[in-house]
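The values are calculated or read from the model by the stated rules, or taken from the named source; none is laboratory data. Predicted model only: the values in this text are computed from it and were never measured. Ideal geometry is used to build each Cβ from the backbone, glycine not excepted, and the neighbour counts take in all protein chains shown.
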């Protein structure tokens, strides 16, 4: 893995464990020689993960829409900051630059970005693993919900395997670096249940 895309909040949340995990993630990526691709902000968990990676000598590529850069939330210290025209362009560029994806705690934007990456893997548009860093149990309810969708036959077990859930950043990075993804893109047929 050359680069990992991290989706995370523009807030730090209320639990100090979230900021600690973001700093750990940034440092780990730099120490392993894995570049960080992220949303380009200097606020919240986004700013913390970028600052930690930079402080440890890592590559940090931020991708931010012009509208957000204009609000002065762009991280001026990135190795490379790409300012794009829209959120759609941002997500496509982040996907192109990355070999895998991790969602750390965050809000609706984090969820949306993560699930788009999962969907693209499921559909065979790319073959990139996706992980949830389950800091302080943040993603436990979501993992249960995803498993419920499997038991209700809305997600195939084969596709559920695309999403790795772990509470340890180092172990999650290692798993995403070595995972064998299913070689079965989703095709919808009328006879499927």
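Filtered by the rule that a residue be touching a helix residue (DSSP H, G or I) at 6+ places or on another chain (Cβ under 8 Å), surrounded by fewer than 22 Cβ atoms within 10 Å (Cβ to Cβ) and under 16 Å from residue 18 (Cβ atoms), the range 126-137 gives 134, 136.
Residues that are within 20 Å of residue 117 (Cβ to Cβ) and assigned to a helix (DSSP H, G or I) are absent from the range 4-14. Restricting the first member to the range 5-21 and to residues that are on the phi < 0 side of the Ramachandran plot, and the second to residues that are at pLDDT 95 or above and exposed (fewer than 14 other Cβ atoms within 10 Å of the Cβ), the beta-carbon pairs closer than 7 Å and six or more apart or on different chains are 9/107. Looking only at the range 54-91, residues that are assigned to a helix (DSSP H, G or I) and closer than 17 Å to residue 10 by Cα come to 8 in all. Name the single residue that is farthest from the chain's Cα centre (by Cα) among those in the range 96-116 being surrounded by fewer than 23 Cβ atoms within 10 Å (Cβ to Cβ) and part of a loop (DSSP other than H, G, I, E, B). My answer is 107.
The rows are residues; the columns are (1) out of contact with any strand residue (DSSP E or B) (no Cβ under 8 Å at 6 or more places or on another chain); (2) modelled with pLDDT of 95 or more; (3) surrounded by 15 or more Cβ atoms within 10 Å (Cβ to Cβ).
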{"position": "33", "(1), (2), (3)": "yes, yes, no"}
{"position": "50", "(1), (2), (3)": "no, yes, yes"}
{"position": "60", "(1), (2), (3)": "no, yes, yes"}
{"position": "124", "(1), (2), (3)": "yes, no, no"}
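Kindly establish whether residue 69 is under 26 Å from residue 142 (Cβ atoms) and either crowded, with 21+ Cβ neighbours inside 10 Å or modelled with pLDDT under 95 (or both). So residue 69 fails the test. Within the range 117-127, restricting attention to residues that are touching a residue at least 24 places away in the same chain (Cβ under 8 Å) and part of a helix (DSSP H, G or I), which residue is nearest to residue 43 (Cα to Cα)? Out of the qualifying residues, it is 117.
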